[in-house]
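Notes to accompany the following structure.
The values are calculated or read from the model by the stated rules, or taken from the named source; none is laboratory data. Computed from a prediction, not measured in an experiment: that's the story for all the values here. A quick note on method: Cβ atoms are made from the backbone with ideal geometry, for glycine too, and the neighbour counts reach across all protein chains shown.
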Amino acid sequence: MPRGHYFSDFQVEQTFTSQGRTITEADVVTFAGLSGDFNPLHTDATFAAKTPFEQRVAHGMLSASISTGLGQTLGIFEGTTLALMAQTFEYKAPVFFGETIRLQLTVESMNPSSKGGKGVVVFRSDIVKQDDTVVITGTWTVLFRDRREAVS
């Protein structure tokens, strides 16, 4: 039996908050290698010191990518997700090396499938630092199985 939430288990305005995850220099170096994004703002301490941030900044997509893993730790997706249909991201604030982020997902809307047996949940996604600053906001649109079987 899946551990995750089925479509009908969710409620609008329900919020799920993950554990924290500290962003390290090793994370940034690995992400730069995987993505090919070696922008000096992320990888060159001397260059970054001369920017308004005065230090290196983690890639925004690194934080967004880590948030998908943090989402998995919530358990709500395990065995019940049929598809991640869309994600949006709006970058609000930087994440520096050594800062800790967590994911907050809030159910914004729920739309059952006309064929039954599944439904779409739209979550507001907020990636938040240890000081409660929202660094990335957006949405996740996810198709879930439902407990009710599809009607032929």
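Observations on the model:
- Identity of the residue in the range 14-36, assigned to a helix (DSSP H, G or I) and of a type in the set (A, V, I, L, M), that ends up nearest to the chain's Cα centre (by Cα): Val28
- Residue in the range 69-82 that is part of a loop (DSSP other than H, G, I, E, B), among the aromatic types (Phe, Trp, Tyr), buried (at least 16 other Cβ atoms within 10 Å of the Cβ) and modelled with pLDDT of 95 or more present: yes
- Within the set Lys118, Lys92, the sole residue that is surrounded by fewer than 16 Cβ atoms within 10 Å (Cβ to Cβ) and among the basic types (Lys, Arg) turns out to be Lys92.
- Taking the criterion of being part of a strand (DSSP E or B), more than 15 Å from Ile23 (Cα to Cα) and among the charged types (D, E, K, R), the residues of the range 103-152 that qualify are Glu108, Lys118, Arg124, Asp126, Arg145.
- Flag if Pro112 is within 24 Å of Val29 (Cα to Cα), surrounded by 14 or more Cβ atoms within 10 Å (Cβ to Cβ) and either touching a strand residue (DSSP E or B) at 6+ places or on another chain (Cβ under 7 Å) or in contact (Cβ under 8 Å) with a residue 12 or more places away in the chain (or both): no
- Check on Arg124, modelled with pLDDT under 95, in contact with a Ser or Thr (Cβ under 6 Å, 6 or more places away or on another chain) and among the basic types (Lys, Arg): no
- Of all residues in the range 83-102, those satisfying the criterion of being of a type in the set (A, V, I, L, M) and either in contact with a helix residue (DSSP H, G or I) (Cβ under 7 Å, 6 or more places away or on another chain) or not in a loop (DSSP other than H, G, I, E, B) (or both) are Ala83, Leu84, Met85, Ala86, Val95, Ile101.
- Of all the criteria given as (1) touching a Gly at 6+ places or on another chain (Cβ under 7 Å); (2) within 25 Å of Ser8 (Cβ to Cβ), the one not satisfied by Ala86 is (1).
- If you filter the range 1-49 down to residues that are in contact with a Gly (Cβ under 8 Å, 6 or more places away or on another chain) and among the β-branched types (Val, Ile, Thr), you find that the one that is farthest from Lys115 (Cα to Cα) is Thr24.
- Ala58 without any contact (Cβ under 8 Å) to a residue 12 or more places away in the chain, buried (at least 17 other Cβ atoms within 10 Å of the Cβ) and of a type in the set (A, V, I, L, M, F, W, C): no
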